[in-house]
Structure formats: C-alpha cells, structure tokens
Amino acid sequence: METPDGMKRCPDCGEIKAVSEFGLNKRMADGRARYCKDCFRKRSTQSYRKRMAEQGKAVRERVEVPAGHKYCPRCAEIKAVGEFGANRAAKDGLTAYCKPCHTRVTLENRIKNHGSDRNYKLKLRYGITEDDFERMLARQGGLCAICQVVPGTFVDHCHRTGAVRGVLCFNCNNGLGHFGDNLVLLELAAHYLGGDVLWQEFVVPPGRRADGVVAPSRTYHLSQRYGMRHEDVERMISAQHGLCVVCWGRPPEHVDHCHRTGDVRYALCLPCNTGIGQFRDDPGVVWRALAYVEAAEVGGYDEVGVSEEELAGLFVEEERLCSEFYAGAVRVG
C-alpha cells in the first residue's frame with residue numbers, strides 16, 4: 001500500500017503519520033527513523049527496563065502528577081511545589097526531594113562522608129575536626145579557656161582572621177561577642193567592674209533624646225528593682241553626658257547594678273551591659289578574657305614590611321580620624 005507524499009507508516013502501531021512524527025536517522029534511506037516517536041519511546045523504555053532487570057536493578061514507575069505538584073521519591077508522596085526547596089541546577093528549579101526528606105538525605109550524606117554532622121560543621125566553619133576539638137579541650141583541662149570554671153563547649157575564633165583560639169563556655173563566648181573582641185573595651189569593662197570608671201576628657205555628645213510619656217510599667221520596674229524613679233535615671237544619664245560609661249560610644253539603655261549587693265552603678269548601653277553580665281560581673285574573668293584575646297592577637301600577627309609611603313598614609317588616616325572626632329567632640333573633663 002502506497003503512502004502519500006510527506007507521510008510514512010510505522011510498522012509497530014501500523015498507523016500512517018506525517019514524517020515529522022518520526023525522528024531523524026541518517027542511516028535510513030529517507031533520513032527518518034523506522035518507528036514513530038511514540039513507538040520508539042516505548043521500545044527504548046522496554047529496552048532500558050530489560051537491561052536494568054538483567055543487572056538486578058528496579059526501575060521506578062513513572063508517576064503522573066497534577067500541575068503545581070511534584071512527586072518525592074523518598075516519601076513516595078505527591079506534594080505541592082512549595083514543599084520542595086530551590087535548586088537552580090535542576091530542570092524544574094526544585095530539589096529532587098521534599099524539604100523534610102531533603103534534610104534527612106543531607107544529614108545522612110554528611111554522616112556518610114564526614115563521620116558525623118558535628119564533624120562536618122567543625123570542618124566547614126573552623127577547619128578542624130572533632131578530634132582536634134577534643135585535643136584542644138583536653139589541653140584546657142576540659143574547662144573554658146577564660147573563666148576556667150565551666151566546661152568548654154563552644155569553639156571560639158577570631159572574626160578578623162578566622163583562626164581558632166580555644167574552647168569557651170556559652171557565657172564567655174557571648175561576652176567576647178558583645179565586646180567585639182575589642183581589647184580597649186575589655187580593659188575599660190574590667191576597670192569599671194573594679195570600681196574605677198575612666199571618665200573621658202572629650203566626648204561626642206549623642207543627639208537629643210526624644211521626650212515621651214513614661215510607661216507606668218517602667219516606673220514600677222525601676223522602683224521595685226532598683227529603688228529609683230525615672231527622673232533619677234535621667235539625672236544619672238545626664239551626668240554621664242548621655243553616654244555609656246564603659247564604651248563612651250553609645251547612649252545608655254539599661255541601669256547596671258551589682259548582682260551581689262544590688263547597688264546601682266551606672267547606666268550602660270546594651271552590648272556593654274550584656275557583656276558584663278555574661279562575664280558574671282567578675283573583673284577577674286574580664287581581665288582573663290583580655291589576656292586571652294591579646295595572646296591570640298600577638299601570636300596571630302605576622303611581621304609585614306611596611307613601606308615609607310604606606311606608613312605615611314597610615315599617619316594621614318590617623319590624623320583624619322582624630323580631626324573628625326575632635327570636630328564633633330566637646331570637653332567635659
């Protein structure tokens with residue numbers, strides 16, 4: 001039976017179809033595949049399944065999913081695409097597994113490749129292994145490198161260089177963070193806890209504080225906790241020139257008091273007040289924190305040659321910063 005021009009018969013399905021329904025094949029006389037695309041796809045699928053069966057491998061059945069949904073092969077559920085994470089490398093832009101399954105698969109792969117999830121995170125964040133952590137902690141006697149009282153649990157590192165310094169407890173690690181590893185602030189805080197406030201001769205006064213209605217809860221809190229009124233706190237802040245008496249760089253937000261005697265000391269900014277609290281109001285701990293950071297800084301600096309031009313540039317920059325400070329500063333001492 002002759003087929004019309006531009007048409008071809010598929011021997012599998014027996015239908016006469018347009019040649020465009022057949023794939024390209026340069027080995028055939030007409031340049032088209034022997035079977036139509038639908039039949040060729042079925043043959044390829046059967047051949048693939050046969051090869052996999054010979055290798056003892058199972059082939060997952062194709063699952064039809066509605067629009068806006070995707071099948072997760074791990075939990076074998078059809079879920080909305082919003083239940084899948086983003087993956088730009090995938091054709092559909094989504095992860096192969098839904099979010100809960102993806103999390104479990106990721107954890108299993110970390111354990112398989114790195115021994116444990118903690119080992120993976122230590123390598124990723126600090127470049128050390130669990131064995132390195134245990135050896136470091138053992139050298140510290142199992143205790144925090146600063147307070148030397150609480151067991152060390154957190155890896156501490158320099159945020160400037162990324163170098164690991166030691167293992168700290170939660171409080172000491174957070175205390176360093178609130179003071180920003182700043183040696184000057186740590187020394188000022190240690191003096192402050194020792195009863196010696198280093199009053200400044202020049203300060204940059206903050207902007208005028210907004211006058212507002214004082215909430216009754218604040219008045220009650222101040223009277224019950226510190227035996228003070230709102231007006232007393234405002235007078236104390238005014239005597240401090242509107243600045244925290246530790247860092248002298250931020251407006252005070254909290255009344256600071258001795259947790260042993262209950263005596264009110266001064267008003268501090270949030271980082272200084274919280275940092276002092278993390279160091280347990282103990283000047284000895286703050287001095288040890290200062291020595292701890294200072295030792296790491298001294299050991300972490302390499303001798304770098306500085307040219308005369310670079311040195312001159314540093315002096316110019318220092319003079320510029322000083323000029324900016326004194327341009328906005330007022331004498332208070």
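Restricting attention to the stretch 199-223, the residues being under 35 Å from the mean Cα position of the chain (by Cα), in a loop (DSSP other than H, G, I, E, B) and in contact (Cβ under 8 Å) with a residue 12 or more places away in the chain number 4. Counting only residues that are in contact (Cβ under 8 Å) with a residue 40 or more places away in the chain and surrounded by 13 or more Cβ atoms within 10 Å (Cβ to Cβ), the stretch 129-162 holds 5 of them.
Matching residues to (1) within 19 Å of His254 (Cα to Cα); (2) not in a helix (DSSP H, G or I):
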{"site": "Gly175", "(1), (2)": "yes, no"}
{"site": "Asp181", "(1), (2)": "no, yes"}
{"site": "Arg225", "(1), (2)": "yes, no"}
{"site": "Met228", "(1), (2)": "yes, yes"}
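The criterion of at least 1 residues that are in contact with a Phe, Trp or Tyr (Cβ under 8 Å, 6 or more places away or on another chain) and outside the structural domain of Gly152 (by TED's automatic domain parsing) is met by the following helices (runs of 4 or more DSSP H) wholly inside the stretch 51-140: 99-114, 117-126. The C-beta contact set for the stretch 4-28 (first residue closer than 14 Å to Asp38 by Cβ, second residue surrounded by 12 or more Cβ atoms within 10 Å (Cβ to Cβ) and among the hydroxyl-bearing types (Ser, Thr, Tyr), distance under 9 angstrom, 6+ apart or interchain) comprises Cys10/Tyr35; Pro11/Tyr35; Asp12/Tyr35; Cys13/Tyr35; Phe22/Tyr35; Gly23/Tyr35. Out of curiosity, is Asp281 of a type in the set (D, E, K, R), touching a residue at least 12 places away in the same chain (Cβ under 8 Å), part of a loop (DSSP other than H, G, I, E, B) and surrounded by 15 or more Cβ atoms within 10 Å (Cβ to Cβ)? Answer is yes for this residue.
Residues being of a type in the set (D, E, K, R) and either touching a helix residue (DSSP H, G or I) at 6+ places or on another chain (Cβ under 6 Å) or modelled with pLDDT under 90 (or both): count how many of those fall in the stretch 10-20.
Total satisfying the criteria: 1.
The values are calculated or read from the model by the stated rules, or taken from the named source; none is laboratory data. The structure displayed is predicted, hence computed values, not measured ones. Methodologically, a virtual Cβ is constructed for each residue, glycine included, from the backbone with ideal geometry; neighbour enumeration extends over all protein chains shown.
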